[in-house]
Amino acid sequence: KQVFKALLIIIFLPGLASAQETGFLEDYSVLGASGEYGAARMYVADGAPERMKAYSKIMIDQPFIYVDPDSKSKGMKPDTMTTIAETLRSAVSNEIEGEYSVVDEKGEGVLYFNWAVTNLYLQKPKRKLLAYTPVGAVANAAVSGLSDFVDKNTLVDLRLEGELRDSVTGELFVALTLERGQRKDKTTKVSEDPATWEELFAIGTALGKRFNCRLNNSRVDPSQIQDCTKIKMGD
């Protein structure tokens, strides 16, 4: 049981620092640092490994996106935010395969993953030009608009927060917070170590692969368990 509980913890990103609470998760007090796997803050409910064997489907919600109040660049167009969220959700859901399937409705045997990109800290746009979106062009220009936004806005740091619950009862199985990047702090003399947009989207893909690997591991004989730690987390 304890071994599988540890495996649940490293579904998510080891080696990431904890930070102040943002209010997205319902209860941060249940989180604990996982020193063995880095500083990711995690909660795994008692009995979760055994109970999750009864689930064969998962709902992956579109992630919320919160720009940090202190971010030097605070805005983005609605279609850009939607495209970022959908790109991240697709990165996770596209990796679910085997005995699990991705669904859009809650029900018996369905897990629900609710998550967010919070504390999104951006540098000011690289060039101050008016970016005009023609009327009726939002849907067709979504991907190119995202590319333009990524080119102009440097991603410095961010946090991912998420909860895995029963889709019907809301019972909490897993909660987590994790981070990428580091902004400059003159007070503590910490140098800037920025994340990248490519890293953020790669994390989504890797998260999906680890989800798939860990969930499938919960349903097989111990001799068939795969080493999910070999899946790189966007590093």
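Derivation of every value follows stated rules applied to the coordinates shown; laboratory data play no part. Computed from a predicted structure; not experimentally measured. FYI the Cβ positions are ideal-geometry reconstructions off the backbone, even for glycines, and counts take in every protein chain you see.
Beyond 14 Å, what share of the Cα-Cα pairs of segment 43-115 remains, rounded to the nearest whole percent?
On the way: 1814 of 2628 pairs.
Of all Cα-Cα distances in segment 43-115, 69 percent exceed 14 Å.
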Pseudo-spin-label distance Glu171 to Ser29, built 7 Å along Cα→Cβ, given in nm, is 2.2
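Students often check this: by mean Cβ neighbours within 10 Å, which of 157-163, 72-78 ranks highest, and how do the rest follow? Don't skip to the end; give the middle numbers.
Values: 157-163: 23.1, 72-78: 14.4.
Taking the mean over residues of other Cβ atoms within 10 Å, the ranking is 157-163, 72-78.
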For the table Lys74/Lys184; Lys184/Lys230; Lys72/Lys209; Lys53/Lys106; Lys77/Lys209; Lys72/Lys230, the rows whose alpha-carbon distance is greater than 26 Å are Lys184/Lys230; Lys72/Lys209; Lys77/Lys209; Lys72/Lys230
If R0 = 45 Å, then Thr187 and Ser101, at their Cβ-Cβ distance, give a FRET efficiency to the nearest 0.05 of 0.40
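State the extension gain, in nm to one decimal, for the chain segment bounded by Met81 and Asp61, taking 0.36 nm per residue of separation less the distance between their alpha-carbons.
Between Met81 and Asp61, full extension yields 5.7 nm more.
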Pseudo-spin-label distance Glu50 to Asp70, built 7 Å along Cα→Cβ, given in nm, is 4.5
